[in-house]
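Quick note: the coordinates plus some simple rules give every number you see, no bench work behind them. Not measured: the values here are computed from a predicted model. Note that each Cβ is placed from the backbone with ideal geometry, even for glycine, and that neighbours are counted across all protein chains shown.
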Ligand code: DAH
């Protein structure tokens, strides 16, 4: 803003040319401090500080002026105790509308030969203010950091918060044991899909279309070709079809049946499937393997008994009982007085299954078994209601 001074009246002119009446005009060593009024508006004098040609008085005057600005700015910086405040000071002195810029604007009123010197002076002042601002910022930041560190101090003598890490589920504990036994005998652990083709869940396992297991009462159908697997046995078909022989595998996993929930049933539970295919495999191999499994799982003195049974995918088929590990076979409440506890289904792989899965039934034989994981967990940990396994109450799970 330029200021024109007349004897009788004074007015300032904005760069755009609007006339503004001065409410006050103060002069300090050739620099005018003006306050202006346009209508109701009042501009405080700060930004209206102007150097005029007539009063510029050459380089000496500007030098003094810059010295004043410098002292004032440095004083304010030194007195600042907040980063915000430093920023305000930066804007007020170095900003587009700041004091230093105002001096620069006055350059055009300085004599040509003095301009480089004045420029140098202005730059020096700017640099010094900038430097002091930077120092003050660093100082303030380090104070702030220190205060923050003090606040965040950790009392290492306080007792630690306990992390609640949960507890392995009895199913998991039981599966770990089953896997350990079979891995120890050289078996591989294989996983299969929970959503399965009807063909694998039933047909390839020699389960005919009219079999009761295929009823909607027993099986969850996704469509007529896809089901939620009702057993882990279809994994047998997948593994055999791959054709890598011999096979020695177990396959644990979730299965689904359209059952009502009660103390011994759930629409979703777990099985562990087993399959061995090799040359010269006999029922003796099946018996020896599963007897060893029972001993490792339930104790050295466990006896096993095979009862003839029927499964479509094995022939002959059997159910295996173990001697009651509670009473040792004498008969108790646990084994319902019989001395035996039913534990799994098993048998020699049916020749039809070999045919459907592309294995030469003349060259190879095999045995298979399927055990309910929940059943093992309930027996081993003497839990009398299956529903407890699905509540996931940590107070219950912690006991095993
Ligand atoms: N899949 C049968 C079931 O869910 C259990 C079973 C029985 C699996 C005999 C087998 C087996 O591999 O040989 O009842």
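Key figures for this structure:
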| item | result |
| --- | --- |
| Sequence-separation-based contact order of the chain, relative, with Cα cut under 8 Å and 6+ spacing, percent | 11 percent |
| Kirkwood Rh (inverse of mean 1/r, distinct Cα pairs), the range 291-400, angstrom | 15.9 Å |
| Projected-area mean, the range 57-147, by convex hull of Cα positions, square nanometres | 5.6 nm² |
| Folded to 0 to 90 degrees: helix 115-151 orientation relative to the chain principal axis, Cα | 40 degrees |
| C-alpha long axis of helix 83-94 to longest principal axis of the chain, angle in ° | 40 degrees |
| D (Stokes-Einstein, µm²/s), Kirkwood Cα radius, the chain, 0.692 mPa s at 37 °C | 110 µm²/s |
| Residues in the range 76-90 reached by a label modelled at residue 135 [backbone nitrogen below 15 Å; 7 Å Cα→Cβ] | 76-80 |
| At 0.692 mPa s and 37 °C, Stokes D of the range 124-197 from Kirkwood alpha-carbon radius, µm² per second | 164 µm²/s |
| Candidates 183, 195, 69: whichever shows maximal mean-square fluctuation once the chain is modelled as a Gaussian network with Cα springs under 10 Å | 69 |
| Highest to lowest packing among 351-361, 257-267, scored as the average C-beta count within 10 Å | 351-361, 257-267 |
| Residue order, fewest to most surrounding Cβ atoms within 10 angstrom, among 219, 230, 172 | 172, 219, 230 |
| Space enclosed by the convex hull of the alpha-carbon atoms of the range 170-397, per residue, Å³ | 126 Å³ |
| Intensity falloff of the range 164-220 expressed as log10 I(q)/I(0), Debye formula with alpha-carbon point scatterers, at q = 0.16, 0.17 Å⁻¹ | -0.79, -0.82 |
| Computed FRET value (nearest 0.05) for residue 64 with residue 146, which takes r as the C-beta separation and R₀ as 51 Å | 0.80 |
| Cα long-axis angle, helix 283-298 against the chain (0 to 90 degrees, to the nearest 10) | 50 degrees |
